[in-house]
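The values are calculated or read from the model by the stated rules, or taken from the named source; none is laboratory data. Please read all numbers here as calculations on a predicted model, not as lab measurements. In this analysis, Cβ positions are derived from the backbone assuming ideal geometry, glycine residues included, and neighbour counts consider all displayed protein chains.
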Amino acid sequence: MNSFQKHYLDVVQKDLILSENLSTIAKLSKPKKISLSLGGNSSDENYVLASLGALKIITGQSPFFTQQKPTKHKSNSTREGVGGKLTLRRQKMYLFLYKLLFDVLPQIRQFEGLRAPAHKNIHSFVLRDIFAFQELVPLFPYFEDLNSLQCQFHFTTKSKAEVVVLGNSLQLCFLKGEK
């Protein structure tokens, strides 16, 4: 068990039980999974492989290849590759969250925080500078053409307010006053 998962179990759960007056841990809000995707509109083989490689390096988990669905306007029905996607759960989710909060986000220049959640159990944001992940910096020539990393945090919450409370407990930097 890593330190961030231990923080959730030892500190966040107890705080939520006391603040929400819940009788059982089963009713608590918790992080469910993190979905990451990296890619773009290019079907170039090198671009797609770079997307898959970057996700593998960032998370330590093998991503799967994503394809763009064919449009009705195209005469042929071939699909074009657009990159990679993966889902982190349990311990790998907590490891990535810790890395994101304490290693990656502090590396971003002029980071002002994350916008308030727009959904009752999902928080999405885009990380435009993938080189905030220090492990990608030495490999810059291979990844310089990559687009931004799309992140989605999935929670077991029932309202936007619960997402904000859980996010603040987990040290997510939500901006105040935005809707």
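Structure values in brief
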read-out: The one condition in (1) loosely packed, with under 15 Cβ neighbours inside 10 Å; (2) part of a loop (DSSP other than H, G, I, E, B); (3) at pLDDT 75 or above; (4) not charged (D, E, K, R) that residue 29 fails to fulfil; value: (1)
read-out: Exclusive hit being assigned to a strand (DSSP E or B), modelled with pLDDT of 80 or more and within 30 Å of residue 139 (Cβ to Cβ), set 62, 37; value: 37
read-out: Residues satisfying the stated conditions in region 126-141, i.e. surrounded by 15 or more Cβ atoms within 10 Å (Cβ to Cβ) and either at pLDDT below 80 or in a strand (DSSP E or B) (or both); value: 127
read-out: Pairs where the first residue, in region 32-61, is within 17 Å of residue 152 (Cβ to Cβ) and the second is polar (S, T, N, Q) and surrounded by fewer than 21 Cβ atoms within 10 Å (Cβ to Cβ), C-beta under 6 Å, 6+ apart; value: 32/156; 33/87; 35/87; 35/152; 37/150
read-out: Neighbours by Cβ (under 9 Å, 6+ apart or cross-chain): first from region 88-99, outside any helix (DSSP H, G or I); second surrounded by 19 or more Cβ atoms within 10 Å (Cβ to Cβ); value: 88/34; 88/36; 88/59; 88/94; 88/96; 88/97; 89/34
read-out: Where residue 114 falls short, out of the listed (1) more than 15 Å from residue 167 (Cα to Cα); (2) at pLDDT below 75; value: (1)
read-out: Residue 3 being polar (S, T, N, Q), under 16 Å from residue 97 (Cβ atoms) and either modelled with pLDDT of 80 or more or within 19 Å of the chain's Cα centre (by Cα) (or both); value: yes
read-out: Residue match in region 82-94 (condition: at pLDDT below 80 and not acidic (Asp, Glu)); value: yes
read-out: Residue check for residue 43: surrounded by 14 or more Cβ atoms within 10 Å (Cβ to Cβ) and modelled with pLDDT under 75; value: yes
